[in-house]
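Everything below concerns the one structure shown next.
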């Protein structure tokens with residue numbers, strides 16, 4: 001990789017101001033997950049709502065001072081996305097395989113937080129952002145491409161795998177490896193419990209979402225809803241679905257609270 005790019009990335013990774021803004025991105029993620037949990041609980045109890053990132057940001061924008069909060073979220077998400085992309089560039093220790101894995105994970109996180117930043121910018125500027133509709137449109141576009149069903153199926157397997165990774169990360173408490181930098185010894189049992197419950201619940205929701213992509217591919221159905229909102233509402237429509245969705249909503253709320261702790265303790 002170009003030494004100049006490496007040098008710029010290393011200097012950025014040592015910026016205290018950059019790190020602080022990026023940490024706010026984790027707190028913003030906490031707010032978004034708490035709102036998704038709230039909307040999901042309302043949906044479980046019979047109300048309407050879009051239980052995904054776009055729906056959460058729309059609800060945040062409609063609150064008192066919402067525009068300011070949305071701008072803070074948008075900038076913080078963008079900073080966190082850039083931080084992870086810098087991580088993907090900076091050299092890491094370990095074997096070549098470990099370095100490659102670290103770079104891929106960092107790049108993936110950069111894409112996720114970049115998408116959140118883009119959604120927040122669209123909401124705050126009035127462009128609107130229907131997460132479920134956008135995901136369905138992307139699925140339909142992929143389906144129309146050559147080997148589209150295979151691409152959608154592969155995407156479903158990836159999302160399913162990410163969901164499984166979240167479940168294992170929560171169940172085995174591997175998320176504690178992400179915490180350090182600002183006081184690992186102060187991480188309480190409450191933070192550990194929130195992380196365990198939160199990661200497992202988020203993983204379950206992502207696994208259902210991956211299943212929807214696979215269903216779309218197997219049935220060659222470009223109109224199959226495939227976003228997080230669709231995944232949560234699919235849970236609601238199952239036997240004992242109201243209870244299932246309420247349990248997942250509690251778990252997503254736990255993930256949101258854990259994200260506040262991560263903003264403080266995350267190893268950056």
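The values are calculated or read from the model by the stated rules, or taken from the named source; none is laboratory data. The structure displayed is predicted, hence computed values, not measured ones. Heads up, the Cβs are rebuilt from the backbone with ideal geometry, glycines too, and the neighbour counts pull from every protein chain shown.
Looking only at residues that are over 19 Å from residue 122 (Cα atoms) and at pLDDT 90 or above in the stretch 44-84, which one is surrounded by the fewest Cβ atoms within 10 Å (Cβ to Cβ)?
If we take residues in the stretch 44-84 being over 19 Å from residue 122 (Cα atoms) and at pLDDT 90 or above, then 45 is surrounded by the fewest Cβ atoms within 10 Å (Cβ to Cβ).
Might you check whether a residue that is farther than 27 Å from residue 48 by Cβ and either touching a residue at least 24 places away in the same chain (Cβ under 8 Å) or under 19 Å from the mean Cα position of the chain (by Cα) (or both) occurs anywhere in the stretch 235-250? Working first, answer last.
If we filter the stretch 235-250 for residues that are farther than 27 Å from residue 48 by Cβ, which is where we start, we get none.
No.
Check whether at least one residue in the stretch 239-247 is part of a loop (DSSP other than H, G, I, E, B) and in contact with a helix residue (DSSP H, G or I) (Cβ under 9 Å, 6 or more places away or on another chain), and report yes or no.
Looking for residues that are part of a loop (DSSP other than H, G, I, E, B) and in contact with a helix residue (DSSP H, G or I) (Cβ under 9 Å, 6 or more places away or on another chain), one finds none in the stretch 239-247, hence no.
Cβ-Cβ distance below 9 Å, separation of 6 or more or different chains: which pairs start in the stretch 65-87 with a residue that is touching a residue at least 40 places away in the same chain (Cβ under 8 Å) and on the phi > 0 side of the Ramachandran plot and end on one that is crowded, with 19+ Cβ neighbours inside 10 Å and assigned to a helix (DSSP H, G or I)?
none
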